[in-house]
1. State which residue pairs qualify: first residue not assigned by TED's automatic domain parsing to the domain that holds A164 and inside the stretch 182-203, second residue more than 8 Å from the ligand (Cβ to nearest atom) in any location, beta carbons under 6 Å apart, and separation of 6 or more residues or different chains.
2. Anything in the stretch 185-225 that is near the ligand (Cβ under 9 Å from one of its atoms) and out of contact with any helix residue (DSSP H, G or I) (no Cβ under 9 Å at 6 or more places or on another chain)? List them, or say none.
3. Name the pairs: first residue in the stretch 75-97 and among the acidic types (D, E), second residue assigned to a helix (DSSP H, G or I), Cβ to Cβ under 7 Å, at least 6 apart or on different chains?
4. Checking the condition outside any helix (DSSP H, G or I) and on the phi > 0 side of the Ramachandran plot, which residue from G72, G15 passes?
5. Tell me the residue from R54, R29, R68 that is of a type in the set (D, E, K, R) and under 25 Å from I110 (Cβ atoms), please.
6. From the residues in the stretch 146-163 that are away from the ligand (no atom under 16 Å from the Cβ) and in contact (Cβ under 8 Å) with a residue 60 or more places away in the chain, which one is surrounded by the fewest Cβ atoms within 10 Å (Cβ to Cβ)?
7. Every residue in the stretch 75-105 that is surrounded by fewer than 21 Cβ atoms within 10 Å (Cβ to Cβ) and either closer than 16 Å to I17 by Cα or not assigned by TED's automatic domain parsing to the domain that holds N13 (or both), please.
8. With the stretch 160-246 as the region, which helices (runs of 4 or more DSSP H) entirely inside it contain at least 3 residues that are modelled with pLDDT of 95 or more and within 19 Å of the chain's Cα centre (by Cα)?
Amino acid sequence: MQGPLGVRRVLTNGGYIDSDVRDVAAAIRLAEDMQHVIDAPIMATIAINSTLLRTEPDALVDILGGARVAVGLALGNAGDPLAAKSTVGSLIRVLALGNVEPRRVDLSGIGALAFGAPGAAIGTTATLRHIYPMQNGGYAPSPYPSILVEKSLTWKTQDRVMDAAAVYDDDAFWLCECDTCFGRRIDHALRFQADIVAHNFGVIARIARRVLGSSDPVATWIQMCAAAQSYSYEIDSSGPNWEPQGFLGAWWANQPTRVGA
Ligand SMILES: [Zn+2]
């Protein structure tokens, strides 16, 4: 029980919900019942199969929108849970409710904040970023630490960054202004795990500041996704395997249409 320990917010654990949207409603009700007996504000944390966003968008909007507690939503998928346009479209509807924040998401958490989420918990390791459904035989991590590559909004393992940097020699792409790299290329600056961790946190903060500090966070986020996609295609075509992350195109495809544009 987290309440008596003086935490500011109590997180419930609704388990992993694979296919039945009624389980989401039950998990919310349980959290609401707990709120009656616990002083600290409760957040119902719910992990769902991201497919539910595509198949049951209306039901999810009803259930989550009617919740009398804050909701933390984690998305499960063996790959990128937000690689499909329609999944991101449904997520944007859910975020517009104003009481739902993504948990354990990738950089899409910054997009979620731009679209109105009250908060987001962004993971910095592969196992924290997504919920991996167990039936797929588990997840085998690379022995190399992951480096966040700012301009392509992607995480790449250190060995792949080194290999790609040797082939795609565009300084503008590799230079990093974080407090660890100090304007050096990441393939020169990042040798040790501690530096990589500091760089990753610093770059997440830089991306978040750039998006949320702009006058139009949604447009800034969408433009960053489009630019990252272009960069990824450019590197990929020069040799190293650098296919754009699916979420980049999925957010770009959901850009708000402008009247008169
Ligand atoms: Zn850096």
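The values are calculated or read from the model by the stated rules, or taken from the named source; none is laboratory data. Small disclaimer: the values here were computed from a predicted structure and weren't measured. Cβ: placed from backbone, ideal geometry, glycine included. Neighbour counts: every protein chain shown.
1. Every condition considered, no pair remains.
2. Passing the criteria: A198, N200, G202.
3. D80/G246; D80/F247
4. Exactly one of G72, G15 is outside any helix (DSSP H, G or I) and on the phi > 0 side of the Ramachandran plot, namely G15.
5. Values: R29 fails: under 25 Å from I110 (Cβ atoms); R68 fails: under 25 Å from I110 (Cβ atoms).
The conditions single out R54.
6. D163
7. Scanning the stretch 75-105 gives G76, N77, A78.
8. So the answer is 193-212, 217-237.
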